[in-house]
1. Over the range 331-419, what is the mean sequence separation of C-alpha contacts under 8 Å (at least six apart), divided by residue count, expressed as relative contact order in percent?
2. Work from the charge dipole of the chain (Cβ charges, +1 for Lys and Arg, -1 for Asp and Glu, about the Cα centre) and give the residue of Gly593, Gly420, Thr536 farthest towards its positive end.
3. Which of rounded, prolate, oblate describes the chain, given a ≥ b ≥ c as roots of the alpha-carbon gyration tensor eigenvalues and a/c under 1.5 marking rounded, otherwise prolate only if a/b is larger than b/c?
4. Starting with the highest mean, order 237-246, 306-315 by the number of other Cβ atoms within 10 Å, averaged over the residues of each peptide.
5. Find the accessible area per residue for the range 72-144; the probe is 1.4 Å, ligands and nucleic acids are left out, and the unit is Å².
6. Sort the following peptides by mean Cβ neighbour count (other Cβ atoms within 10 Å, averaged over residues), highest first: 152-165, 549-562.
7. Tell me the accessible surface of Glu513 in square angstrom (1.4 angstrom probe, heavy atoms of protein chains only), to the nearest ten.
8. Give me the aspartates and glutamates in straight-line cross-link reach of Lys730: C-alpha distance below 20 Å, same-chain residues under 8 apart excluded.
Amino acid sequence: MLRRLLAALFRHSMVRSISLGMGLGSVLFSAGGALANPTGDFQKSSTKFFEQHCMECHDADVAKGGLNLEKLLPSMEGKEQTDLWTAVFDRVKAGEMPPAKQPRPAAAELEQFLSTVSPRLAQADKARREVVQRRLNRIEYENTIRDLLAVQVEVKDLLPADQQAGGFDNNGEALALSAEQMQGYLDAARLAVKAAIFTTPRPETKTVTVDSLSEVQKYIDSGDYGFVDGRIISYTTTDTDYSKVSTRAYRTPVAGRYRYRFQAAAHNTQDIQYFSINASNFAGVAAYSKMIGYYEVGPEPKMFEVEAYLEPKYALQFFPQGFPGYVKKVPGMPYRGVGFGKVEITGPIIDQWPPESHTRLLGDIDVTKGTIADAETVLCRFMPRAYRRPVTDAEVQRYVTLVRKQLDAGRPFLESLQGGLVAVLCSPGFIYLNEVKVPDAARVSDIELAARLSYVLWSSQPDAALLEVAAKGGLKDRTQLDDQVERMLKDPRAEAFVKNFTGQWLKLRQINETVPDERLYKKFNEILRISMIGETEGFFRHLLTKNLPISNFLDSDFAMLNQRLVEHYGIDAKEVQGLALRPVALPKDSVRGGVLTQAAVLKVTANGTTTSPVLRGVWVLENILGQHVPPPPPNTAGIEPDIRGAETVREQLAKHRSVESCSACHKKIDPPGFALESFDPIGDYRANYARWVVHNEEKGYGSVKEGAPVDASGNLATGEKFTDIREFKKLLMNQQESFSHCLTEKLMTYATGRTLGFSDREALQAIVKQAASKGNGLRTLVHEIAASDLFAAP
């Protein structure tokens, strides 16, 4: 019944949105129609330019590089046409077309062509950039549920994975709504509402002490584990989600916050050792585990205190990290390990009863005596916060009616009310960022702008302070807007901006998609993996917090390092100890500095066994220089048969570039990739390639041998030469404006939830110039984006 009622409510709520889309579509169609009849002068001048300078290589018969100019239409109407015209415009402006070896048009002729195409292309591009109603993605939905209901429930895994458009998963073009998606929202909403309301007596807070000795005893007797000073010693690292050292002897009785206190110490070593803790419900094949954290410990026993919100029947598990997977014990041989003492568990820790989630939602209503009037009171209080805007009485009454129908059907008050609340959390008003299109409006309303800001910086709903300023029209005032942006950046919720933006811009989310060959890259382990991610996120966070120039992304005289990264990079910084990341000054001749040579970036641009200059080159062009790399022309093989005799990747690509259809792109792609060849798939610096040589085919025994020398030199498409990554980064620093435009476009795409196009370039360039005039700090750039007309545009 609830599902049918929800479907009806959803259709009703979407009428307004559909009407808006139809109205907007009519305007766009009219705009497109106007472009479909260009003046004869433009058609004649553009045709003449192409015939004189381009058609010899780019007609339908030759189509060099896959570019067929006969497909161009003077109307420029539609995605295919605007994309094609944009590519032509960019290549002509960059001096790539006609190519350098061909006769060049006079400067005045080039300027005339570009100035004629630009306004028409901007108009055509703008006409197709419809306002896409954007729904919340999985992360935004979970965060919003958390802040709205004051509950700590993990619901994102109940929702289908979000797709990306323009490089980000908050882009409205990719956020379709399917039946599967709606079922996920329904399941998530039910779980969240149930978690928020408490009808049971206050649970008793207990303190118990447990250990794993009974489970581990037989392994201690066999020598696989140790037992010293009341601590169970583990000597190995497992690649599974199960550890024998745990608190399974006492699982959480109810959902809530629990405190765990235990002693740990490194064993048979003076060096710092690492371990991780996760929580699991041990539910067989449906077992769910979540990471609690990573920790460090030395030889001196140390007391740890960990707090976590856990669902019922969970226990903690302890995992040493950075140890071998198997140790064949030799009597009397001291093996390093980590020892864990008994664990004292206190919980559930209760600050108030009923919890805040209950009182925030229901106030002091007694659910055993609730009436339809009480339900209306709850919905009137709840819906403006859920919808992130004022609501009308008619909107409230739709959900009151739903509750009333369930009450009339004989259902209890709490169940009926929960049905209404779940319906709100599955409605367009909640799962979409609703923005009303006002004719001739230059910007969205302040309430709508507040939602945009909060979902950029927090990936969650606006708080009361932001909405209060917005309700008074304060976000139109630059000073008040800057104050709010500053406040939000200082809030812990801004960590979502750091993680979600860097995770997609720099592809950090792909860190687990490849597993380095353990035969070749034995230094790779879990601590190095999390340190890699921490370095890149920490670098972005440091630039943002300190408002350092964005040129540091290209090259910097410092890096954000911990002990594991210092060791990995071979940097002399003995003062850096433990897991904590901190700024570390780099030697003047260091190959590190900037994001290109950070291990996380180098790992996500490799396949785990080998590196590819093509993959890394494309990554640099698209994510640092903002140059779109088109896919290979149809039916173009990655490697032609006559390349198979080549000995190195460089030789392979040299032969590949001799193929005419590949040459134009690979002249740009390959050089940045060559510059990064000095780094292996885990970001370690190398002078030679490594290869695995098999000594025993039957048993697979072998060893790592030094392969061919690495050649990290190259020539940029513009002619500049470099011999290694240091010189390449110096050349990159000469392209700071290109990088500034690229980063600004990435940030704006993430901020607006839509793919930008040719028509946005002028506005983007204005932001770039404004930020540059103020020192080009990353924080400054965020402020300029938030204050821009482009960010506030409908």
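1. Numbers: 37 pairs, mean separation 23.7, N = 89.
Computed over the range 331-419, the figure is 27 percent.
2. Gly420
3. On the way: a/c = 2.13, a/b = 1.12, b/c = 1.90.
Oblate, since a/c reaches 1.5 and b/c is not below a/b.
4. Details: 237-246: 16.3, 306-315: 17.9.
Highest-to-lowest ranking by the protection proxy: 306-315, 237-246.
5. Each residue of the range 72-144 exposes 48 Å² on average to a 1.4 Å probe.
6. Details: 152-165: 16.4, 549-562: 21.0.
Result, highest mean Cβ count within 10 Å first: 549-562, 152-165.
7. 140
8. Asp555, Asp557, Asp589, Glu622, Asp670, Glu677, Asp711, Glu720
The values are calculated or read from the model by the stated rules, or taken from the named source; none is laboratory data. Because the structure is predicted, anything quoted here is derived from the model rather than measured. All Cβ positions, even for glycine, are placed from backbone atoms using ideal geometry, and neighbour counts span all protein chains on display. Remember, those area values only see protein heavy atoms, side chains included, never the ligands or the DNA or RNA. Shrake-Rupley method; radii C 1.70, N 1.55, O 1.52, S 1.80 Å.
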